[in-house]
Amino acid sequence: MKRIPAALLLLSMLLSLAACGDSEAQKENTSAADTTVQTEVPAETELKDNVPVLDFGGDSMTFATMEMYKYEMDVEESTGEITNDAVYNRNLLMEDRFNVVIDMVVQPERDEQTAFLRSSILANDNAFDVGAHFVYLAGNLVLENLFLDWMEIPHVELHQPWWVTEINNAFTINNRLYSPVSDLCITHMQLSYIYLFNHQLAQDYNTEDLYTVVDEGRWTLDYMYDLTTSVYQDTDGNGKANNQDVYGLVTDKITSIDCYFPASEQPTLQETDTGLEVVVGTERAVNIYEKVYKLFYENTGTFVIPDYESKHAMFLNNQALLMPIRLVKLFSEMREMEVDYGILPFPKYDEAQQKYYNSCLDNYSVLLVPNNVENREMVGALVEAMSFESMKSVMPAFYESALQGKYTRDEQSVRMLDLIMDSHTFDVSILYGSFFTTGTLSYILRNTISSKKPYVSNYETYKDAYSEQAQKLYESLKALGE
């Protein structure tokens, strides 16, 4: 399902405001003589949700979430910050439309959230109607048979563009979906991985226009290697590569590595007619490992940092042409950057690959409905309508906030962001990764690259265990609800 570009939604919001501002001028012009024949143009059908008129009599709709992500579901007041106020206004609209009170129960951290969701359902205390939790922690709770299949909840239309089809298709096993993602979960956008490039360094090193490279399908792992290997400057003159020098690429060796498999169209775990199949033992998977390893460790133009955050300081200090980063960091660290930067997708495996694919940090929220929820209709109606309104107003607000101060300097970045958001791909191994107690399947590329372990021998060590655990996972999912 092609998603509505958030930049396009933002543009439509701005155009509508402009139209309101021009209304008086239009009234003045009507008094002038006009002999032009006016042809009525049929208005476009307005996109809207299909939730009917419902009145829930002032009942509370309670979301269970964590302190760090509570802004997804509700905010206390209007503050003037664009994304905050979009959430605030969305919820006011929902409360008025359905005669409900939107409420939250908030846990301080992830472990407390896991414990709360489980204990509340087992105690049958009806403390919440919808839970939101980290995707990588939700799978184990799903396997405890605590939640409803969203396909059985009224008013929910998972094919609509305000549901993240790529995630939901990946997470649907045996025609059941327990942990979907919609635009209500803004973290799936905020935690998207992107590449930044430094405009000034690109100019200094006579780099060809990287947006053109992307458009022509040439932005690949090999291209990135060739580009970055030619960018290095021993700034402190000590003859040793360190964090004082200038590089073609500065990168962490933790979470961003997870993105190279999906970006190269390499799945980890797939559903077949008979079960779940582990597919990371392919020649393509091995080749991806070799390309990333070469980019990281056989390249004078790459500086690898053990942790995630330290690379930001180097990029801010104009010491790197390229850097992988999560989109949400444009709000904080990157706001301080004086030199212009641009946004790019993760590179493709090769030019034969038809399109670019991008993914997220595994901390985005998924939605969970307790199996003992009292009012399924209210849950379905509110989540469907809130998700639609989030697509319509919250997502564009986030775009405007993220690009504030950058939009007029690099309009191509807006186009690249839409490409990235429209090319998300996800793997069910992220949801159920902790089920694989041997070999950490979902992080096999990260673990082998960061530790410099040979990929093939590592895979062969765990191959049988992977297959056995995948089949057990499938049987456990089939047993849910029976």
Can we say F388 is among the aromatic types (F, W, Y), over 30 Å from G275 (Cα atoms) and surrounded by 23 or more Cβ atoms within 10 Å (Cβ to Cβ)? yes
Being surrounded by 20 or more Cβ atoms within 10 Å (Cβ to Cβ), in contact with a strand residue (DSSP E or B) (Cβ under 8 Å, 6 or more places away or on another chain) and not aromatic (F, W, Y) narrows T229, T251, T235 down to just T251
Selection count, segment 182-208, where residues are not β-branched (V, I, T) and not in a helix (DSSP H, G or I): 14
What do you reckon, is D204 modelled with pLDDT under 95 and either assigned by TED's automatic domain parsing to the domain that holds N447 or under 25 Å from the mean Cα position of the chain (by Cα) (or both)? no
Screening V366, V379, V304, V373 for residues that are among the aliphatic types (A, V, I, L, M), surrounded by 15 or more Cβ atoms within 10 Å (Cβ to Cβ) and assigned to a helix (DSSP H, G or I) leaves only V379
Is it the case, given these coordinates, that S179 is surrounded by fewer than 22 Cβ atoms within 10 Å (Cβ to Cβ) and either in a loop (DSSP other than H, G, I, E, B) or in the same structural domain as E374 (by TED's automatic domain parsing) (or both)? no
Looking at the structure I just gave you, is E208 farther than 22 Å from L327 by Cα, in contact (Cβ under 8 Å) with a residue 24 or more places away in the chain and charged (D, E, K, R)? no
Flag for Y211 being of a type in the set (F, W, Y), assigned to a helix (DSSP H, G or I) and closer than 29 Å to Y71 by Cβ: no
Selected residue [within 26 Å of V164 (Cα to Cα) and of a type outside the set (K, R)] from S256, S230: S256
Considering I449, I430, which residue is aliphatic (A, V, I, L, M) and touching a Lys or Arg at 6+ places or on another chain (Cβ under 9 Å)? I449
Out of L249, L210, L221, I need the residue that is touching a Pro at 6+ places or on another chain (Cβ under 8 Å), of a type outside the set (V, I, T) and in the same structural domain as K348 (by TED's automatic domain parsing). Which one? L221
For segment 426-482, please list each of the helices (runs of 4 or more DSSP H) lying entirely inside it that holds at least 2 residues being touching a strand residue (DSSP E or B) at 6+ places or on another chain (Cβ under 8 Å). 428-431, 455-479
Which one of these does D410 not meet: (1) crowded, with 21+ Cβ neighbours inside 10 Å; (2) of a type in the set (D, E); (3) touching a strand residue (DSSP E or B) at 6+ places or on another chain (Cβ under 6 Å)? (1)
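Per-residue answers, yes or no, for (1) among the hydrophobic types (A, V, I, L, M, F, W, C); (2) buried (at least 22 other Cβ atoms within 10 Å of the Cβ); (3) within 30 Å of I173 (Cβ to Cβ):
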{"site": "A64", "(1), (2), (3)": "yes, yes, yes"}
{"site": "M94", "(1), (2), (3)": "yes, no, no"}
{"site": "R110", "(1), (2), (3)": "no, no, yes"}
{"site": "R118", "(1), (2), (3)": "no, no, yes"}
{"site": "F128", "(1), (2), (3)": "yes, yes, yes"}
{"site": "G131", "(1), (2), (3)": "no, yes, yes"}
{"site": "G139", "(1), (2), (3)": "no, yes, yes"}
{"site": "D149", "(1), (2), (3)": "no, no, yes"}
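The values are calculated or read from the model by the stated rules, or taken from the named source; none is laboratory data. As the structure is a prediction and not an experimental result, all values here were calculated from the model. Every residue, glycine among them, receives a Cβ derived from its backbone with ideal geometry; neighbour counts consider all protein chains shown.
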